[in-house]
């Protein structure tokens, strides 16, 4: 008798290396890529929880990391060990799995829309053949059926008028700028908000690189000023003694998006606080107490300008203060974008959900 027999799933036991490697990746995010500090923490955890065994010690783990190309020893710097690009990519993949779940790579990676045109997947729409259509688009079952209907049961004949073409779903590209707040408030009052923000940034970048390779992603950090970073820089991000110059971040984001040629553009902004800084008359204008009218008005003006030029802003607010949420609501209404008021735990889930939804929209 043919069929399938199902048995209870039993998770394969992880090796000592795999257990230590998972912990090390987490620690590297917390230590902003400082391998020495991360290994020191790992040794402390080993002494407390007996992570290693009599057969496999911490020295074996470090040597295996070297052998597998995850870390390297810088002889020019006195033998200091640093992580490699392979480790950086592994950390991004780990963040992707944690935040977005196990995703399968798409062979094409463009996002679907409700429009038909040149694309990769068949839609449910059919139409008559037109000059320029390729043979891959022809629905041969429907075309042969038309030939029998149009020409009778005699000698088979297939004319151009019998051909039916399957429409392809048009897939648009999206250009995204991710803005990450690195102001001092991201670690204020003993609450670590920068680590989950970094995890989200790494997961989102890995998502686009693997599932949507035709999209573009630019990363910006903003404090007193704003500057662009590379994907490889994310694990090393640190909070500085900065105020929050949201205007500088938006200005840089718009400048980057102007260079992108496709019409679908959006900004994601992860922040935990109000704007507290702008450049005024060539100098920093700062105010950390309450919502400063001058700073707020300039920020709202930029939000409105982004709406005018077709750039929607999705704000991920990770602070619970009612007056800050009220500002974000006003900011979102001005831009006609989206806002999420979320805990640190739900941050990644909300980003993934909204990113997928935006990707199915085509702007003309």
Residue by residue through the stretch 307-336, note down the ones that are part of a loop (DSSP other than H, G, I, E, B) and without any contact (Cβ under 8 Å) to a residue 12 or more places away in the chain. 321
On the basis of being at pLDDT 75 or above and surrounded by 15 or more Cβ atoms within 10 Å (Cβ to Cβ), does residue 342 make the cut? no
Looking at the stretch 236-246, which of its residues are in a helix (DSSP H, G or I) and surrounded by fewer than 20 Cβ atoms within 10 Å (Cβ to Cβ)? 236
Kindly indicate whether residue 290 is touching a helix residue (DSSP H, G or I) at 6+ places or on another chain (Cβ under 6 Å), at pLDDT below 95 and in the same structural domain as residue 311 (by TED's automatic domain parsing). no
Can you name the condition, by its number, that residue 180 falls short on among (1) at pLDDT 80 or above; (2) part of a loop (DSSP other than H, G, I, E, B)? (2)
Per the list (1) at pLDDT 75 or above; (2) under 30 Å from residue 201 (Cα atoms); (3) assigned to a loop (DSSP other than H, G, I, E, B); (4) not assigned by TED's automatic domain parsing to the domain that holds residue 22, residue check on residue 109 breaks on (1)
Scan 2, 103, 45 and give me the residue that is modelled with pLDDT under 95 and either in contact with a helix residue (DSSP H, G or I) (Cβ under 8 Å, 6 or more places away or on another chain) or closer than 30 Å to residue 136 by Cβ (or both). 103
For the stretch 199-235, the count of residues that are under 19 Å from residue 30 (Cα atoms) and in a strand (DSSP E or B) equals 2
Just name the residue that is nearest to residue 340 (Cα to Cα) out of those in the stretch 263-306 that are out of contact with any strand residue (DSSP E or B) (no Cβ under 8 Å at 6 or more places or on another chain) and assigned to a strand (DSSP E or B). 280
If you scan the stretch 307-324, which residues turn out to be out of contact with any strand residue (DSSP E or B) (no Cβ under 6 Å at 6 or more places or on another chain) and either exposed (fewer than 15 other Cβ atoms within 10 Å of the Cβ) or under 27 Å from residue 260 (Cα atoms) (or both)? 307, 308, 309, 310, 320, 321, 322, 323
Would you be able to tell me the number of residues in the stretch 128-154 that are in contact with a strand residue (DSSP E or B) (Cβ under 8 Å, 6 or more places away or on another chain), exposed (fewer than 14 other Cβ atoms within 10 Å of the Cβ) and either part of a helix (DSSP H, G or I) or modelled with pLDDT under 80 (or both)? 1
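The values are calculated or read from the model by the stated rules, or taken from the named source; none is laboratory data. Source: prediction; values computed, not measured. Using ideal geometry, Cβ is built from the backbone for each residue, glycine included, and neighbour counts are taken over all protein chains shown.
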